Amino acid sequence: MADSPHPSSTNAGVVLAADGVTLVDAGAAPSCAAPLAQAIAELTPLPVRRLVLTGSHIDLVGGASAFPLAAVYGSGQTSDHLDQPANPEAWKRMHPSLAGEFDELPARPVSHVVTEAAHLCPASIAVPSGGPQFENLVVQVPSANVVFAGAVASFGTVPLGFESDFAAWATHLDTIAAYGEIFIPAHGPIGGVEELTELRDYLNACVDANGSLDALARGPWMSWENQRFHEVNVERAQMLAQGDPNPPPAMLRLLGL
């Protein structure tokens with residue numbers, strides 16, 4: 001797993017079962033997934049049979065082609081997004097160090113849509129959850145009290161919620177807090193309920209700011225990485241409260257639009 005808060009660096013989860021490996025998220029591009037595939041091969045001779053995508057953003061799905069034989073599990077929203085035409089120019093703006101890989105990035109569609117909690121193998125359960133998107137997944141490993149929160153959590157780094165319902169996301173964090181004791185986010189170091197609570201408080205603070213970055217309550221998030229995302233989140237929270245589902249202007253500026 002990676003623990004860098006850089007937007008291109010994402011954590012991945014590996015769960016071993018008798019029939020093979022369940023992998024949670026695949027990194028932003030094949031070059032990100034290759035070291036992961038090598039590490040898995042050194043860990044076990046078993047194949048990667050299942051790939052769970054906790055969301056549809058490129059930092060989670062871009063490396064999926066490194067695992068061509070795995071069944072791909074995702075939410076209905078993730079499935080819909082991966083069936084749409086790619087947007088490599090936006091990816092290049094957000095992940096410039098990987099720009100050379102995006103023009104020919106092969107997509108892997110979702111083969112198994114998860115609509116309710118389901119065992120992937122005896123050790124792991126895929127559970128639908130809201131998060132930065134309206135439909136995300138998390139993966140529980142009950143025997144280890146571990147939850148691969150994936151897209152639903154970022155610790156020590158400001159999440160990018162350009163399409164989020166922050167109030168609903170905060171509520172889902174309260175729900176998944178009961179799923180385990182150790183939480184592995186898509187971005188940042190491994191955490192626990194304390195880190196989930198800080199993220200929940202940040203999301204609520206974005207709502208309470210009423211569109212004003214200056215009104216964002218102070219908290220631990222003032223020292224998190226990716227401070228530029230605060231503006232996106234505060235704008236998005238206000239726009240959604242006003243019934244406007246469009247991307248916030250701050251996000252369009254990040255994309256050079």
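The values are calculated or read from the model by the stated rules, or taken from the named source; none is laboratory data. Values in this document were obtained by computation on a predicted structure and should not be read as measured data. FYI the Cβ positions are ideal-geometry reconstructions off the backbone, even for glycines, and counts take in every protein chain you see.
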remark   = Taking segment 200-225 and keeping residues more than 16 Å from Ala170 (Cβ to Cβ) and crowded, with 19+ Cβ neighbours inside 10 Å leaves Trp224
Residues satisfying the stated conditions in segment 34-65, i.e. over 17 Å from Ala17 (Cα atoms), assigned to a loop (DSSP other than H, G, I, E, B) and among the aliphatic types (A, V, I, L, M) = Leu53
note = Condition set within 17 Å of the chain's Cα centre (by Cα) and without any contact (Cβ under 8 Å) to a residue 40 or more places away in the chain, scope segment 177-191, selection surrounded by the most Cβ atoms within 10 Å (Cβ to Cβ): answer is Phe183
ask   = If you take the residues of segment 4-26 that are touching an Asp or Glu at 6+ places or on another chain (Cβ under 9 Å) and either in a strand (DSSP E or B) or modelled with pLDDT of 95 or more (or both), which of them is nearest to Ser97 (Cα to Cα)?
value = Asn11
remark   = Being in contact with an Asp or Glu (Cβ under 8 Å, 6 or more places away or on another chain), surrounded by 24 or more Cβ atoms within 10 Å (Cβ to Cβ) and of a type outside the set (A, V, I, L, M, F, W, C) narrows Gly161, Gly131, Gly150, Gly156 down to just Gly150
note = Those residues of segment 57-75 that are within 19 Å of Gln140 (Cα to Cα) and within 15 Å of the chain's Cα centre (by Cα) come to a total of 4
task = Could you grab me the full set of residues in segment 89-105 that are part of a loop (DSSP other than H, G, I, E, B) and surrounded by fewer than 15 Cβ atoms within 10 Å (Cβ to Cβ)?
result = Asp103, Glu104
ask   = Going through segment 31-56 one residue at a time, which ones are within 19 Å of the chain's Cα centre (by Cα) and either closer than 21 Å to Gln140 by Cα or in contact (Cβ under 8 Å) with a residue 60 or more places away in the chain (or both)?
value = Ser31, Cys32, Leu36, Arg50, Leu51, Val52, Leu53, Thr54, Gly55, Ser56
query = Using beta carbons and a limit of 8 Å, which pairs, at least six apart or on different chains, have the first residue in segment 62-89 and in contact (Cβ under 8 Å) with a residue 60 or more places away in the chain and the second one assigned to a helix (DSSP H, G or I)?
reply = Gly74/Leu82
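To keep it simple, each residue is scored yes or no on (1) without any contact (Cβ under 8 Å) to a residue 40 or more places away in the chain; (2) closer than 24 Å to Arg253 by Cα; (3) among the polar types (S, T, N, Q); (4) in contact with a strand residue (DSSP E or B) (Cβ under 6 Å, 6 or more places away or on another chain).
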{"residue": "Lys92", "(1), (2), (3), (4)": "yes, yes, no, no"}
{"residue": "Phe102", "(1), (2), (3), (4)": "no, yes, no, no"}
{"residue": "Arg108", "(1), (2), (3), (4)": "no, no, no, yes"}
{"residue": "Cys121", "(1), (2), (3), (4)": "no, no, no, yes"}
{"residue": "Ser124", "(1), (2), (3), (4)": "no, no, yes, yes"}
message = Looking at Ala118, Ala86, can you tell me which residue is closer than 24 Å to Phe183 by Cβ, among the hydrophobic types (A, V, I, L, M, F, W, C) and surrounded by fewer than 17 Cβ atoms within 10 Å (Cβ to Cβ)?
response = Ala118
ask   = Could you give every pair whose Cβ atoms fall below 8 Å, whose first residue belongs to segment 141-154 and is over 16 Å from Ser56 (Cβ atoms), and whose second residue is hydroxyl-bearing (Ser, Thr, Tyr) and surrounded by fewer than 21 Cβ atoms within 10 Å (Cβ to Cβ), counting only separations of at least 6 or pairs across chains?
value = Val147/Tyr179
task = For segment 72-84, indicate whether the set of residues that are part of a loop (DSSP other than H, G, I, E, B), out of contact with any strand residue (DSSP E or B) (no Cβ under 8 Å at 6 or more places or on another chain) and within 26 Å of Val21 (Cβ to Cβ) is non-empty.
result = yes
